[in-house]
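Encoded as structure tokens, the structure appears first; notes follow it.
The values are calculated or read from the model by the stated rules, or taken from the named source; none is laboratory data. Being a predicted model, the structure only gives us computed values, none of them experimental. Counting neighbours? That spans all protein chains shown, and the Cβs are built from the backbone with ideal geometry, glycine included.
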Amino acid sequence: MRARIAQRLGLAARLLVLDNCEHLAGAVAELVAFLVSTTADQRVLTTSRAPLAIAAERVYLPGGSSKNGSYGPVILISLA
């Protein structure tokens, strides 16, 4: 299935937005890593309360970072 998604997304430069990913973080991380490695000009914007922890990820904390090092209720925005 992910190969079919990559095939469709690979037709042109695209931005894929995935919201509320903390509930499926592992599966989303695998999908995003696959998509950015197999499609040209693919960008993925995710929102989550926890990072995906993949190499392509860049994490942005809206409103600053947490004080104690945990992410708490802050929604992370990552662009892979």
Taking first residues from the stretch 10-23 that are at negative phi and second residues anywhere that are hydroxyl-bearing (Ser, Thr, Tyr) and at pLDDT 70 or above, the pairs with Cβ under 6 Å that are 6 or more apart or on different chains are 10/39; 18/46; 19/47; 21/46; 21/48; 22/48
Checked the stretch 35-44 for anything under 12 Å from residue 16 (Cβ atoms) and surrounded by 15 or more Cβ atoms within 10 Å (Cβ to Cβ); matches are 35, 36, 39, 42, 43, 44
Across (1) assigned to a strand (DSSP E or B); (2) under 16 Å from residue 13 (Cα atoms); (3) at pLDDT below 85, residue 78 clears everything bar (2)
Residue 53 vs (1) at pLDDT below 85; (2) farther than 21 Å from residue 9 by Cα: all pass except (1)
Query raised in the report: Is it the case that residue 32 is touching a residue at least 40 places away in the same chain (Cβ under 8 Å) and either of a type in the set (Asp, Glu) or buried (at least 16 other Cβ atoms within 10 Å of the Cβ) (or both)?
Result: yes
Of the residues in the stretch 1-27, those that are under 21 Å from residue 62 (Cα atoms) and surrounded by 15 or more Cβ atoms within 10 Å (Cβ to Cβ) come to 16, 18, 21, 22, 25
Among residues of the stretch 7-41 being touching a strand residue (DSSP E or B) at 6+ places or on another chain (Cβ under 8 Å) and in a helix (DSSP H, G or I), the residue farthest from residue 53 (Cα to Cα) is 9
